[in-house]
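Take a look at the structure set out below.
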Amino acid sequence: MAAGTVALSHQTLDALPPSTKLRYFRRTLMSAGVLPEIDVLLHDLETYGTRLLATLPAAHSALLGRFFRWRMLPLIRRTLQDRPMTRGTFGARRAQLRYIAELLQWLDTHGMTIETVDQPAIDRFVSADRVRQQVGPFVTWAVQERIAPNVTVTTIRSRGTGSHLSDPDLAAIATQVFTDESIPLPTRLITLFAVVFAQPVEASIALTREEIVDGPGPMTMTFARTPIPVPDRLAALVRAQLRELEARPSRHPDTHGWLFPGTMPNQHVTAASIELVASRHGLTLRHFRSSRLQHFAQTVPASVLADIVGVTADTAYRRSIDAGGAWSDYPPLRDIGEGQRSLRKFHSPEPEFKR
């Protein structure tokens, strides 16, 4: 590429074996403005799918290709809503394609096809290995498309999210994270965002410095649409992170202004890396977030919760129902006085947080 013997393009890089090094190089060229911006992981998933299909028998390739191009990829794009794909989603969808290909090969070996397979055969395939359950979306799609007429799919609605931590438990966890300086600062902050503001890891790692306003009054942060005040003790840690970013030299331009920049050029830190560090300190971020969200659902109307936390209105409503909330008085809460009182309920009652 430097010598001009091959084109300086994404297509040239696509000819190389996929790897983390190739992703780093691609993102380096993108951050320098040499290559156009693309969603690298989504692009790699499409490349992986195309290469996998080329290795399969024609019948398997046609069926899996139909599912991949007309079900999986459109669903992924709708879910992402112009956000970049995460490493976790990339790994899960890539594994899903691999296991579907394995299912089709297993059916061939046992003298069946997707058109003739029955429920006991699917059960035998899945029971052999827990991760084979990832073929579920493909089987459901095949049933809906009337490709697998001998299989029945039953949808079971979740009835809650399991046991939750109490308010005192969450307060104790917050105190632990505030005082334990052995935990890296980004992990401490993202953990506290889960404990205090019910933020999922994926949302916290994608925060930008523009979403933080630190003026004459209290610091505010915008996780969804509504800026919310940050307790003084937590604001001090956020300022420490901002100072660390200013003092840290960077080899690549950061056009996004990430609060938690990663090692990849122009990318934020990955959820997997934060959760790995957190787990080493006995912290389960997703459990903390789910517990805090459940407490919010008991005291904040669903629509207000959606505006502040960033969950969908449907998720907020289901959480409210599960928590026993019945916000029939929601319309009056939208006036200024009641809205401000509702917003004050949003914060954790942990006494060490200064209002």
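For the range 1-158, what is the accessible area per residue in Å², given a 1.4 Å probe and the full set of protein chains?
Solvent-accessible surface per residue comes out at 58 Å².
What Kirkwood hydrodynamic radius do you get for the range 1-87 when you take the inverse of the mean 1/r over all pairs of distinct Cα atoms, in Å? Don't skip to the end; give the middle numbers.
Details: mean 1/r = 0.0688 Å⁻¹.
Value: 14.5 Å, from the Cα pair sum.
Express in nm, to one decimal, how much length is gained between residue 87 and residue 145 on full extension, taking 0.36 nm for each residue of separation and deducting their alpha carbon distance.
17.9 nm
Largest first, how would 48, 24, 99 line up by accessible area (1.4 Å probe)? Show your work: numbers first, answer last.
On the way: 48 60, 24 80, 99 40 Å².
Largest accessible area first, the list is 24, 48, 99.
Beta carbons within 10 angstrom, averaged per residue: use that to sort the peptides 77-85, 35-43, highest first.
Descending mean neighbour count gives 35-43, 77-85.
Compute the signed sum of charges (Lys and Arg +1, Asp and Glu -1) over the other residues within less than 14 Å, Cβ to Cβ, of residue 109.
Working: positive: 124; negative: 102, 108.
Taking every other residue near residue 109 into account, the sum is -1.
I want to check the label-to-label distance for residue 167 and residue 38. Put each point 7 Å from Cα in the C-beta direction and report it in nm to one decimal.
Result for the modelled spin labels: 5.1 nm.
Based on the inverse mean of 1/r over its pairs of different Cα atoms, what is the Kirkwood hydrodynamic radius of the range 62-159, in Å? Walk me through the intermediate numbers first.
On the way: mean 1/r = 0.0694 Å⁻¹.
The Cα-based Kirkwood calculation yields 14.4 Å.
Just read off the accessible area of residue 202 with the full protein assembly in place, 1.4 Å probe, to the nearest 10 Å².
70 Å²
Give, as ranges by residue number, the residues of the range 260-298 whose backbone N falls under 14 Å from the point 7 Å along Cα→Cβ of residue 214.
Inside the label zone: 260.
On the full set of protein chains, 1.4 Å probe, figure out the accessible area of residue 167 and give it in Å² to the nearest 10.
Solvent-accessible area, nearest 10 Å²: 50 Å².
Quick check: at a probe of 1.4 Å, how many percent of the accessible area of the range 128-286 sits on carbon and sulfur atoms?
Looking at the range 128-286 in its full context, I get 53 percent from C and S.
Under the 0.36 nm per residue contour assumption, what length would be gained going from the current alpha-carbon distance of residue 8 and residue 119 to full extension?
34.9 nm
Taking the simple approach of a point 7 Å from Cα along Cα-to-Cβ for both residue 226 and residue 50, what is their distance in nm?
Those two pseudo-labels are separated by 4.6 nm.
³J(HN,Hα) across the range 26-34 via Karplus (A = 6.51, B = -1.76, C = 1.60, θ = phi - 60°), whole Hz, x for Gly/Pro?
So the Karplus estimates, Gly and Pro as x, are 4, 5, 4, 5, 5, 5, 7, x, 7 Hz.
The values are calculated or read from the model by the stated rules, or taken from the named source; none is laboratory data. For clarity, every value in this text was computed on a predicted model and none was experimentally measured. Counting neighbours? That spans all protein chains shown, and the Cβs are built from the backbone with ideal geometry, glycine included. Note: accessible area is taken over every heavy atom of the protein model, side chains too, but ligands, DNA and RNA are not part of it. Shrake-Rupley method; radii C 1.70, N 1.55, O 1.52, S 1.80 Å.
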